[in-house]
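Scroll down for the structure; my scribbles are underneath it.
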Amino acid sequence: MENTRYQKIFITGALGFVGRALAEQYRALGSQTCGLDVRADSSWNIVTGDVSQPEAWQSALNGCDLVIHTAAIVTNNVSREEAWRVNVLGTRRVLDAAIRAGVKRFVHVSSLAAMRFNVEDQADESAPVLPTGNPYVDTKIASEHVVLAAHAKGEIACTILRPADIYGPGSRPWTLIPVQMIQKGLFLLPAHGQGIFRAIYIDDLVNGIMLAAEKDEGIGQIFILGGEQAVTCETFFGHYYRMLGKGSPRVMSASSAIAIAEIGRILFKMLGKPTELGRGAMEMLSKKNTVSNDKAHRLLGWYPQVSLEEGMRRTEIWLREQRIL
């Protein structure tokens, strides 16, 4: 994007992977950015706070004309209560704070996880979503509900985005964690590696979020933002194996992978250590259906520009610069 209508943008999760990338791009266009995270950073005008307790950071929204809500608990291994407090109640509290401050536009960064258990191929935003007991999936669905309710009531103009699998420099779930697990020999793929990975490079995602915020056509809409190139998990994660000189990914049946991952999750929990191992991750990597970006094409004019090969080339450069490889 070459320009923006917004002068001051408030970003929740502002020090996170997506939040920081958004702030950098808006600043490059001349906008002022500020935000909220679990720690403060005065150089980025970021205050510390809890999304469910806006009293401590309400004043930071003064003068803002756009809120982009990226803050969330992003893990399958979390209690239902904590996931709800942050992902659902927190979303409602951020909406309330934005409305009190007179903000005109609210963009909610949800997740394609809201459609995780949909089996229709080339599913679009009209596909019915299914709560299943997975706390991350269920609270992503519920967070969208509170945003749609605020929009329907006329409280604030809202847009919801469902990014697919975001990778690139700084990505924790799809770059850093897989590389670290491969290095330790703990990485495995279910469905014999043939699950579909809907990879989207961070720069393409940022462009999609900004287009959704800028265009009036995005108001009141949900948009899927996924990679155009459907690749298998074996192909996607194989790039990291190549970077590490580790050969090919270890693959097995979905049932065997789930059993092993659940044992690993229990062991890590007993040791008091965080982990992404478990049924939720294996179910996600077993999916074989694709999704449609057609609505984002038609209404936003958004198309991914970075191929998987180019995205992985940039990611490898960053990993080596950070001495992770």
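Quick check on segment 17-35: of everything there that is free of Cβ contacts under 8 Å to residues at least 40 places away in the same chain and in contact with a helix residue (DSSP H, G or I) (Cβ under 8 Å, 6 or more places away or on another chain), which residue is surrounded by the most Cβ atoms within 10 Å (Cβ to Cβ)?
Out of the qualifying residues, it is GLY35.
When residues of segment 290-325 are filtered for being within 20 Å of the chain's Cα centre (by Cα), closer than 20 Å to PRO173 by Cβ and part of a loop (DSSP other than H, G, I, E, B), how many remain?
Counting residues in segment 290-325 that are within 20 Å of the chain's Cα centre (by Cα), closer than 20 Å to PRO173 by Cβ and part of a loop (DSSP other than H, G, I, E, B) gives 3.
Listed residues ILE166, ILE156; which is surrounded by fewer than 20 Cβ atoms within 10 Å (Cβ to Cβ), at pLDDT 95 or above and among the β-branched types (Val, Ile, Thr)?
ILE156
Suppose the filter is surrounded by 14 or more Cβ atoms within 10 Å (Cβ to Cβ), part of a helix (DSSP H, G or I) and at pLDDT below 95; does GLY280 pass it?
So GLY280 passes the test.
So, in segment 293-324, of the ones that are of a type in the set (S, T, N, Q) and touching a Phe, Trp or Tyr at 6+ places or on another chain (Cβ under 9 Å), which residue ends up farthest from MET1 (Cα to Cα)?
Across segment 293-324, the extreme among qualifying residues is THR315.
Can you give me the number of residues within segment 112-139 that are of a type in the set (Gly, Ala, Ser) and either assigned to a loop (DSSP other than H, G, I, E, B) or out of contact with any helix residue (DSSP H, G or I) (no Cβ under 8 Å at 6 or more places or on another chain) (or both)?
Going through segment 112-139 one residue at a time, the tally reaches 3.
Name the single residue that is nearest to ALA127 (Cα to Cα) among those in segment 212-232 being under 18 Å from the mean Cα position of the chain (by Cα) and in a helix (DSSP H, G or I).
The qualifying residue nearest to ALA127 (Cα to Cα) is ALA212.
Residue-wise test of (1) closer than 25 Å to ARG250 by Cβ; (2) among the small types (Gly, Ala, Ser).
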| site | (1), (2) |
| --- | --- |
| PHE106 | no, no |
| ALA114 | no, yes |
| ASN118 | no, no |
| PRO128 | no, no |
| VAL137 | no, no |
| LYS140 | no, no |
| TYR167 | yes, no |
| SER171 | yes, yes |
| PRO190 | yes, no |
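In segment 67-85, which residues are surrounded by 24 or more Cβ atoms within 10 Å (Cβ to Cβ) and of a type in the set (A, V, I, L, M, F, W, C)?
Selection gives VAL67, ILE68, ALA71, ALA72, ALA83.
Would you mention how many residues in segment 61-77 are over 20 Å from ILE209 (Cβ atoms) and either at pLDDT 95 or above or in a strand (DSSP E or B) (or both)?
2
Looking at ALA142, ALA149, which is the one that is out of contact with any helix residue (DSSP H, G or I) (no Cβ under 8 Å at 6 or more places or on another chain), assigned to a helix (DSSP H, G or I) and either of a type in the set (Gly, Ala, Ser) or at positive phi (or both)?
Within the list ALA142, ALA149, the selection yields ALA149.
Sort through ARG92, ARG27, ARG5 and tell me the only one that's charged (D, E, K, R), within 24 Å of MET210 (Cβ to Cβ), part of a helix (DSSP H, G or I) and more than 18 Å from the chain's Cα centre (by Cα).
When all the criteria are applied, what remains is ARG27.
Answer with yes or no whether ALA14 is surrounded by 23 or more Cβ atoms within 10 Å (Cβ to Cβ), touching an Asp or Glu at 6+ places or on another chain (Cβ under 8 Å), modelled with pLDDT of 95 or more and on the phi < 0 side of the Ramachandran plot.
Considered against the rule, which asks whether it is surrounded by 23 or more Cβ atoms within 10 Å (Cβ to Cβ), touching an Asp or Glu at 6+ places or on another chain (Cβ under 8 Å), modelled with pLDDT of 95 or more and on the phi < 0 side of the Ramachandran plot, ALA14 comes out as yes.
Anything in segment 77-108 that is touching a Ser or Thr at 6+ places or on another chain (Cβ under 6 Å) and among the charged types (D, E, K, R)? List them, or say none.
Result: ARG85, ARG93.
The values are calculated or read from the model by the stated rules, or taken from the named source; none is laboratory data. Everything numeric here is computed off the predicted structure, so don't read it as measured data. Don't worry about glycine lacking a Cβ; one is built from the backbone with ideal geometry, like all the others, and counts go over all protein chains shown.
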